[in-house]
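Asks: Here's a structure for you.
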Amino acid sequence: MNQFLRKEISTKSATIIIVAVFLIVSGILFLNDKASSPESFSFFKNITFPKIPFVNPANDIKDIKKFASEEEFKIYLENSSQYAAYGGFGIGGEIALERALVAPAAPSTAQKDVERVSETNVQVLGVDEPDIVKTDGKEIYLSSNYYDYGGIRPMMIEDGIGVKIMPPYYQQIGTRIIQAFPPADLKVISELKKGGELLLAKNILVIFSGQEISGYNVSDSKSPEKKWNIKLDDNASIAGARLYQNKIYLVVRQNINESRPCPIRPLTVSDVALEIKCVDIYYPIAPVPVDSNFTAMILDPASGKINNTVSFVGSSGSSVVYMSESAIYITYTYYESMIKFFSAFLKEEAGDLVPKWLIDKMNKLESYDISQNAKMTEMQTLWNKYLTSLDNDERLKAENELANRSSDYFKEHSRELEKTGIVKIKLDNFTITASGNVPGSPLNQFSLDEYKNNLRIATTVGGQSLWFAGNIGRGESVSDVYVLDNNLKLKGVVKDLGKTERIYSVRFIENRGYVVTFRQTDPFYVLDLTDPAAPALKGELKIPGYSSYLHPLAKDKILGIGRENWQVKISIFDVSSASNPVEAAKYTLDEGWSETLSNHRAYLQDSSHEVFFLPGGKGGYIFSYKNGKLELTKAISGISAKRALYINDYLYIIGSNDIIVLNEADWQTVNKIDLTE
């Protein structure tokens with residue numbers, strides 16, 4: 001190979017390596033594993049790299065407005081298409097309202113001898129969330145759509161090419177109405193063909209079933225009457241729903257039709273389409289990647305009538321919607337201009353490595369009115385021009401120096417690159433009244449909380465999985481908690497929780513915040529949020545494993561449910577001393593998984609008896625937490641436990657095919673039914 005050809009190949013390789021080094025170390029080329037379990041951190045198979053998200057928002061995406069016409073919508077789509085399909089108003093979380101400690105039993109009006117009835121475990125007291133089980137103290141409403149083998153796994157069969165697979169057996173149960181009280185009269189009294197998640201608004205049972213929402217009058221439980229039906233557009237889906245003060249707050253996502261983006265018709269009510277005009281759709285002024293329209297609305301459960309809609313463009317990627325009694329908060333992740341970020345790096349940290357002409361041209365490149373992808377191509381051309389002027393020794397030095405300096409620079413400036421925008425929609429007039437942003441991205445609905453007109457939000461910055469020099473590694477991550485005022489302006493912040501770790505659970509309770517991060521150990525952090533302008537980290541506890549769900553047992557006791565060594569772990573944290581949190585009790589279940597780890601609605605707490613219920617793969621478990629200790633009071637085998645509820649002092653264990661009723665006085669079985677008969 002001649003010397004010229006060798007240098008050309010070396011230059012091309014160095015161009016790719018140096019540019020890729022900075023992009024990768026900066027966490028732009030990444031595997032998004034924010035929802036991965038800790039056990040999956042060491043497995044990176046079938047590696048793919050998504051498009052690079054380059055966004056240069058005007059005024060930090062603080063300006064939100066409505067489209068003036070369909071033509072303006074199309075122009076916006078054309079501009080936003082310059083950026084990668086990541087970011088925007090993505091909906092991936094749940095709608096939630098206010099906060100609560102332990103929810104007390106709901107008073108029942110079913111009949112005089114029913115004094116207390118449990119509700120679905122929700123983030124917020126008084127705000128119901130859709131689930132597969134509801135009760136009014138008189139009946140149980142149970143819906144199931146699931147794969148079920150009836151307790152016996154069938155034989156493997158061969159497909160058309162000789163590969164053995166498990167045959168699908170999809171059992172759509174529909175919705176059963178079960179007479180629940182007194183326990184002696186336990187029986188199925190009627191059944192609806194539709195199944196899905198349920199909300200019970202007085203005497204109206206609402207069923208969210210795929211592309212349909214139906215309302216049934218269940219005043220006569222033996223003969224329920226269908227009152228209304230809503231059908232979603234084929235390209236639409238339900239992003240979230242909540243029941244608050246007998247109103248259903250609904251969010252629907254619909255794919256954007258680029259040739260005819262508006263008006264949009266996300267659903268029909270009794271065959272009449274709900275139409276949202278172009279001039280009623282919000283968008284962030286700065287172009288961000290969008291592929292969906294989202295419509296938030298208020299649904300009257302009695303009539304099925306839609307009221308007070310607000311629509312906005314966004315992304316179908318994971319994000320969070322949080323709702324207080326006065327406003328809806330919508331979050332979306334975006335990235336600042338990589339060219340701007342890289343130019344600042346060259347000027348501040350690499351002035352002795354690169355010539356002045358390169359820094360000047362990089363600064364000018366940021367101002368060019370071209371797409372970010374075009375800018376990246378031009379940046380690579382500039383790099384190639386610079387590298388061809390270097391000999392092999394100089395080039396090798398540049399590669400190593402750039403890799404090390406860019407890594408350090410990203411650690412220091414990563415919060416300037418990855419951000420979460422927040423839009424606030426007031427409920428009284430359903431208009432956007434404030435917008436702001438914080439570094440990083442939130443985990444789920446529990447990452448946000450409104451308290452005394454301030455919004456608290458916990459985020460993680462960085463921590464992506466990287467591919468560099470033939471090896472897989474991880475960028476350093478940190479987590480922060482921000483306090484924003486009524487206008488979403490920064491009031492205070494606690495930074496640098498769990499370096500090299502990610503947030504796995506969050507719970508805000510009045511003036512306290514509890515955060516769990518994880519990589520190899522489980523740091524449990526206690527935050528004092530009494531002064532919104534000066535929030536502070538007060539205490540920290542490091543223990544093995546992690547907690548993916550936190551629940552308040554009492555004012556100074558927090559329950560953590562997670563995993564350790566591939567088994568379900570339950571912990572009670574004593575937080576009476578904020579500066580010295582203690583794991584007061586611990587119990588490890590012989591279970592690899594519990595639905596509670598990923599779905600808080602599967603958890604039930606009965607404060608009157610100081611017990612809680614967890615479903616598992618082998619059965620159901622009832623724990624006592626009296627005196628701050630954990631004791632397995634009752635294990636229920638032979639049932640595919642899904643949920644539990646209580647009516648008076650009877651605990652109903654709800655399984656896929658069975659219901660077992662226990663007397664909480666002695667935990668003996670008083671009745672059970674086979675739902676398949």
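Asks: Suppose the filter is of a type in the set (A, V, I, L, M), part of a loop (DSSP other than H, G, I, E, B) and either surrounded by fewer than 18 Cβ atoms within 10 Å (Cβ to Cβ) or within 27 Å of the chain's Cα centre (by Cα) (or both); does A665 pass it? Show your work before the answer.
Replies: Values: of a type in the set (A, V, I, L, M): yes; part of a loop (DSSP other than H, G, I, E, B): yes; either surrounded by fewer than 18 Cβ atoms within 10 Å (Cβ to Cβ) or within 27 Å of the chain's Cα centre (by Cα) (or both): yes.
Against the criterion (of a type in the set (A, V, I, L, M), part of a loop (DSSP other than H, G, I, E, B) and either surrounded by fewer than 18 Cβ atoms within 10 Å (Cβ to Cβ) or within 27 Å of the chain's Cα centre (by Cα) (or both)), A665 qualifies.
Asks: Still on this model: Out of I659, I622, which single residue is surrounded by 17 or more Cβ atoms within 10 Å (Cβ to Cβ), among the hydrophobic types (A, V, I, L, M, F, W, C) and out of contact with any Ser or Thr (no Cβ under 7 Å at 6 or more places or on another chain)?
Replies: I659
Condition check ((1) in contact with a Lys or Arg (Cβ under 8 Å, 6 or more places away or on another chain); (2) not polar (S, T, N, Q)) across all residues:
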| site | (1), (2) |
| --- | --- |
| G562 | yes, yes |
| D574 | yes, yes |
| V582 | no, yes |
| T588 | yes, no |
| T596 | no, no |
| H600 | no, yes |
| L604 | yes, yes |
| G617 | no, yes |
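Asks: For S579, indicate whether it is outside any strand (DSSP E or B), among the polar types (S, T, N, Q) and within 21 Å of L125 (Cβ to Cβ).
Replies: It is false that S579 is outside any strand (DSSP E or B), among the polar types (S, T, N, Q) and within 21 Å of L125 (Cβ to Cβ).
Asks: Please work out if R253 is surrounded by fewer than 22 Cβ atoms within 10 Å (Cβ to Cβ) and either of a type outside the set (A, V, I, L, M) or part of a strand (DSSP E or B) (or both).
Replies: no
Asks: Still on this model: Scan segment 381-400 for residues that are among the small types (G, A, S) and surrounded by 13 or more Cβ atoms within 10 Å (Cβ to Cβ) and jot them down.
Replies: A398
Asks: Given the options Y587, Y650, name the one that is modelled with pLDDT of 95 or more, under 30 Å from K542 (Cβ atoms) and not hydrophobic (A, V, I, L, M, F, W, C).
Replies: Among Y587, Y650, only Y587 is modelled with pLDDT of 95 or more, under 30 Å from K542 (Cβ atoms) and not hydrophobic (A, V, I, L, M, F, W, C).
Asks: Since I639 meets every condition but one in (1) in a strand (DSSP E or B); (2) of a type in the set (A, V, I, L, M); (3) within 21 Å of S144 (Cβ to Cβ); (4) touching a Gly at 6+ places or on another chain (Cβ under 9 Å), which condition does it not meet?
Replies: Here I639 meets the rest and fails (1).
Asks: Please tell me if G539 is surrounded by fewer than 20 Cβ atoms within 10 Å (Cβ to Cβ), without any contact (Cβ under 8 Å) to a residue 60 or more places away in the chain and in a strand (DSSP E or B). Give the steps one after another, and end with the answer.
Replies: Numbers: surrounded by fewer than 20 Cβ atoms within 10 Å (Cβ to Cβ): yes; without any contact (Cβ under 8 Å) to a residue 60 or more places away in the chain: yes; in a strand (DSSP E or B): yes.
Against the criterion (surrounded by fewer than 20 Cβ atoms within 10 Å (Cβ to Cβ), without any contact (Cβ under 8 Å) to a residue 60 or more places away in the chain and in a strand (DSSP E or B)), G539 qualifies.
Asks: Evaluate segment 287-295: report whether one residue or more is at pLDDT below 85 and not in a loop (DSSP other than H, G, I, E, B).
Replies: no
Asks: Let me ask something else about it. Restricting to segment 330-380, what's the tally of residues that are among the polar types (S, T, N, Q), surrounded by fewer than 21 Cβ atoms within 10 Å (Cβ to Cβ), over 33 Å from the mean Cα position of the chain (by Cα) and more than 19 Å from L390 (Cα to Cα)?
Replies: Counting residues in segment 330-380 that are among the polar types (S, T, N, Q), surrounded by fewer than 21 Cβ atoms within 10 Å (Cβ to Cβ), over 33 Å from the mean Cα position of the chain (by Cα) and more than 19 Å from L390 (Cα to Cα) gives 3.
Asks: Given the criterion over 19 Å from I647 (Cα atoms) and in a strand (DSSP E or B), identify the matching residue among V206, V188.
Replies: V206
Asks: Filter segment 588-618 for residues that are over 27 Å from the mean Cα position of the chain (by Cα) and not charged (D, E, K, R) and give the result.
Replies: Within segment 588-618, S607, S608, H609, V611 meet the criteria.
Asks: Checking the condition buried (at least 20 other Cβ atoms within 10 Å of the Cβ) and in contact with a helix residue (DSSP H, G or I) (Cβ under 8 Å, 6 or more places away or on another chain), which residue from I285, I281 passes?
Replies: I281
Asks: Could you tell me whether segment 226-239 includes any residue that is among the acidic types (D, E) and part of a strand (DSSP E or B)?
Replies: Looking for residues that are among the acidic types (D, E) and part of a strand (DSSP E or B), one finds none in segment 226-239, hence no.
The values are calculated or read from the model by the stated rules, or taken from the named source; none is laboratory data. Since this is a predicted model, take the numbers as computed values, not measurements. For neighbour counting, all protein chains shown are included, and Cβ atoms are generated from backbone atoms with ideal geometry for every residue, glycine included.
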